[in-house]
1. Name the residues in region 16-27 that are surrounded by fewer than 16 Cβ atoms within 10 Å (Cβ to Cβ) and either within 20 Å of residue 63 (Cβ to Cβ) or within 11 Å of the chain's Cα centre (by Cα) (or both), would you?
2. Do we find a residue being among the hydroxyl-bearing types (Ser, Thr, Tyr), touching a residue at least 24 places away in the same chain (Cβ under 8 Å) and surrounded by 15 or more Cβ atoms within 10 Å (Cβ to Cβ) anywhere in region 67-90?
3. Strands (runs of 3 or more DSSP E) wholly in region 1-67 with at least 3 residues that are closer than 24 Å to residue 89 by Cβ - which ones?
4. Being under 20 Å from residue 132 (Cβ atoms) and either charged (D, E, K, R) or touching a residue at least 60 places away in the same chain (Cβ under 8 Å) (or both) narrows it down to one residue among 54, 19, 15; which is it?
5. Residues 134, 103: which one is part of a helix (DSSP H, G or I) and modelled with pLDDT of 90 or more?
6. Report yes if some residue within region 109-119 is within 22 Å of residue 21 (Cα to Cα) and modelled with pLDDT of 90 or more; otherwise report no.
7. Give just the number: which of (1) under 15 Å from residue 85 (Cα atoms); (2) free of Cβ contacts under 8 Å to residues at least 60 places away in the same chain does residue 28 not satisfy?
8. What is the number of the single condition among (1) at pLDDT below 95; (2) closer than 20 Å to residue 141 by Cβ; (3) in contact with a Leu (Cβ under 6 Å, 6 or more places away or on another chain) that residue 30 does not meet?
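The values are calculated or read from the model by the stated rules, or taken from the named source; none is laboratory data. Since the model is a prediction, treat every value here as computed from it, not as a measurement. When we count neighbours, we look across all protein chains shown, and the Cβ atoms used for this are built from the backbone with ideal geometry, even at glycine.
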Amino acid sequence: MPKFEREVEIDAPVEKVWEVMTDPNHWSEWFPGIESVTNVTAVAKEGQFEWTDEGKSGRGTIVDFEPHKRLEIVTQLGDDKDSHVFELKASGGFLGLGADETKVEYTLDTLMGGGILANFVAGGNPKDAIRVKKATHALRRLVESLTL
């Protein structure tokens, strides 16, 4: 299962970052591979939604939801599943005491089967690495634009 990881520092408190990350109205602005979201049952553990991207539609499930700490979403398009894990940590200020910034660690796991060869091929996939980079930068820009 190839994994792609990236972390970003956002100039906003954890509460604000969490608020934006868990608002489905903002997902199309930063979440990789999502142009629109519909039929959200709940933004909580086991919540589900439907999404579209480039004319294709898929389903998503929130598999882990720890407020202000961790969000894990599994998206599925046909047989292709991806796990998106976002971990948040307060940071900033003198020796971390100010906690006016947030570090977000994003891990994309392509949940690909196929053994060692498939993992080797997918592990070098620049498309997924770029998706992760773009998502973290888009999230940072969005949150910081909403906190000004």
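1. 23
2. Within region 67-90, one or more residues are among the hydroxyl-bearing types (Ser, Thr, Tyr), touching a residue at least 24 places away in the same chain (Cβ under 8 Å) and surrounded by 15 or more Cβ atoms within 10 Å (Cβ to Cβ).
3. Output list reads 3-10, 56-66.
4. From the options 54, 19, 15, the qualifying one is 54.
5. 134
6. yes
7. Among (1) under 15 Å from residue 85 (Cα atoms); (2) free of Cβ contacts under 8 Å to residues at least 60 places away in the same chain, the lone unmet condition for residue 28 is (1).
8. Unmet for residue 30, out of (1) at pLDDT below 95; (2) closer than 20 Å to residue 141 by Cβ; (3) in contact with a Leu (Cβ under 6 Å, 6 or more places away or on another chain): (1).
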